[in-house]
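Every number in this text was worked out from the coordinates using simple rules, so none of it is lab data. As the structure is a computational prediction, the values presented were derived from the model and not from experiment. Positions of Cβ are generated from backbone atoms using ideal geometry, with glycine treated the same way; all protein chains shown enter the neighbour counts.
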Amino acid sequence: MHIRATFFAMMARKIMSPERIPLFPLGLVLFPGQAVPLHIFEPRYRLMTRHCIETNSPFGIVFFQSGNIAQTGCTALIVKTVKEYEDGRSEILTIGQKAFHLIRTHSDQPYFEADVEYLEDDFDGIDDAVSEQLEELYEQCHGVLFDEEPPPFDPEAGPSLTYHIASELPLEVEFRQTLLEERSEPERQKRLAARLTEWYPQLQRRERVRQKASGNGHGSLG
């Protein structure tokens, strides 16, 4: 399944989302164009996802940690129900659509709802040299982590190189949130390139220790 191509087709057909949307606070950050599977088990969120499926409408995912909710999130559309359990739980596949800013929340439903303002990205001033550096770092980090070629960036399936790369790498959730909050793609690329420049040597050292430990049992993580 070509997830990003599916995302692009959905966006082309999509009617404007209502300003008030269901809200799903989670310990993760979703990017536009990113596919994320979710396990739905709480009764209120079973009700929410049922509503979204029946109306073909999105819900908003916002990063929630230690009682604090982020003010910038991303809408998610359910593209497939992967599995349904007899007790009402389900496994669904979602894809990120549009970044939004939280205006106010409502609690008159069993699940949260929120009034949101959709956010536009600025793609002016992209530095080709930074983009090339970022793609090279992406290939290097992905190679160390997964020992394979990374999924290539397809501009026709989504215009943000940053979102594509950040969707494919296990970056810290707090850093992912800073990328989602940044509206300038050139600035996002610079931030991500700086983070991967710092991260790549760390990944290399970790991999050398892992190989040494698996080879003779004398590796040290200290």
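Diagonalise the Cα gyration tensor of segment 3-118 and give the resulting equivalent ellipsoid semi-axes, square root of 5 times each eigenvalue, largest first, whole Å.
On the way: eigenvalues 73, 69, 36 Å².
Rounded to whole Å, the semi-axes are 19, 19, 13.
For a quick check, take a GNM of the chain with Cα springs below 10 Å and name the residue from Tyr45, Tyr163, Tyr85 with the largest mean-square fluctuation.
Largest GNM mean-square fluctuation: Tyr85.
Would you mind computing the Rg to Rh ratio of segment 128-216 from its alpha-carbon coordinates, Kirkwood style for Rh?
Values: Rg = 14.0 Å, Rh = 13.8 Å.
Ratio of gyration radius to Kirkwood radius: 1.01.
Loop-only GluC sites (Glu not before Pro) in segment 106-146, please: DSSP not H, G, I, E or B, and at most 13 other Cβ atoms within 10 Å.
Values: sites: Glu113, Glu117, Glu120, Glu132, Glu135, Glu136, Glu139; in loops: Glu120.
When the GluC sites (Glu not before Pro) of segment 106-146 are filtered for loop state and at most 13 Cβ neighbours within 10 Å, Glu120 remain.
Placing unit charges on C-beta atoms (Lys and Arg positive, Asp and Glu negative, everything else neutral), compute the dipole magnitude of segment 128-216 about its Cα centre in debye, rounded to 20. Kindly include the intermediate steps, with their values, before the conclusion.
Numbers: 11 positive and 19 negative charges, 134 e Å.
Around 640 debye, computed over segment 128-216.
Mind checking which of Gly33, Gly73, Gly125 has the largest fluctuation in a GNM of the chain, springs on alpha carbons under 10 Å?
The residue that fluctuates most here is Gly125.
Place a point 7 Å from Cα of Gln71 in the direction of its Cβ. Which residues in segment 161-198 have their backbone N less than 16 Å from it?
177-183
Label-point separation (nm) for Arg183 and Ile103, each offset 7 Å from Cα along Cα-to-Cβ?
1.5 nm
State, as an integer percentage, the relative contact order of the chain based on alpha-carbon contacts under 8 Å between residues 6 or more apart. Could the numbers behind the result be given before it?
Details: 354 pairs, mean separation 45.0, N = 222.
Once divided by the residue count of the chain, the mean separation gives 20 percent.
State to the nearest 20 debye the size of the charge dipole of the chain about its Cα centre, where the only charges are +1 on K and R beta carbons and -1 on D and E beta carbons.
Working: 23 positive and 35 negative charges, 164 e Å.
With Lys and Arg at +1 and Asp and Glu at -1, about 780 debye.
Given the DSSP H assignment, sum -39500 (n - 2.57) over each helix run of at least 4 residues in the chain and divide by its residue total; what's the result at 222 nm in deg cm²/dmol, nearest 500?
-13500 deg cm²/dmol
With r defined as the distance between the Cβ atoms of Glu172 and Glu54 and R0 fixed at 41 Å, what FRET efficiency is calculated, to the nearest 0.05? List each step's numbers first, then the result.
On the way: r = 36 Å, r/R0 = 0.88.
It comes to 0.70.
Please work out the Cα center distance from segment 109-175 to segment 44-81, rounded to the nearest Å.
20 Å
Looking at Gln140, Leu179, Gln204, which one has the Cα that reaches farthest to the positive end of the dipole of segment 128-216 (charges on Cβ: Lys, Arg +1; Asp, Glu -1)?
Gln204
I'd like to verify something in the chain: which complete DSSP H helices, judged by Cα projection on the helix axis, reach 24 Å or more and average at least -1.0 on the Kyte-Doolittle scale? Before the final figure, lay out the partial values.
Working: long enough: 128-146 (26 Å, -0.17); 185-216 (45 Å, -1.78).
Helices passing the filter in the chain: 128-146.
Pick out, from Pro155, Cys52, Gln97, the residue whose Cα sits farthest towards the positive end of the charge dipole of the chain, with +1 on the Cβ of Lys and Arg and -1 on the Cβ of Asp and Glu.
Cys52
Take the Cα pairs of segment 56-144, get the Kirkwood Rh, then feed it into Stokes-Einstein at 10 °C and 1.306 mPa s and tell me D in µm²/s. Could the numbers behind the result be given before it?
Numbers: Rh = 16.6 Å.
Answer from the Stokes-Einstein relation: 96 µm²/s.
Starting from the Cα gyration tensor of segment 81-132, multiply each eigenvalue by 5, take the square root, and state the resulting semi-axes largest first in whole Å. Each step should come with its number before you reach the end.
On the way: eigenvalues 243, 96, 7 Å².
Taking √(5λ) for each Cα gyration eigenvalue gives 35, 22, 6 Å.
Just to be sure I follow the rule: in the chain, considering lysines 8 or more places apart or on different chains, how many pairs have Cα atoms under 28 Å apart?
Details: Lys14/Lys80; Lys14/Lys83; Lys14/Lys98; Lys80/Lys98; Lys83/Lys98; Lys98/Lys190.
The number of close lysine pairs in the chain is 6.
Size of the chain along its principal axes in angstrom, Cα-based, largest extent first?
57, 46, 35
Let me know the charge dipole size of segment 3-118 about its Cα centre in debye, to the nearest 20, where only the beta-carbon of Lys, Arg (+1) and Asp, Glu (-1) is charged. Before the final figure, lay out each step's value.
On the way: 12 positive and 11 negative charges, 74 e Å.
Using Cβ point charges on Lys, Arg, Asp and Glu, segment 3-118 gives about 360 debye.
For the chain, what is the percent of antiparallel DSSP beta bridges, rounded to the nearest 5? Provide the component values of the computation, followed by the final result.
On the way: 30 of 35 bridges.
Of all bridge pairs located within the chain, approximately 85 percent are antiparallel.
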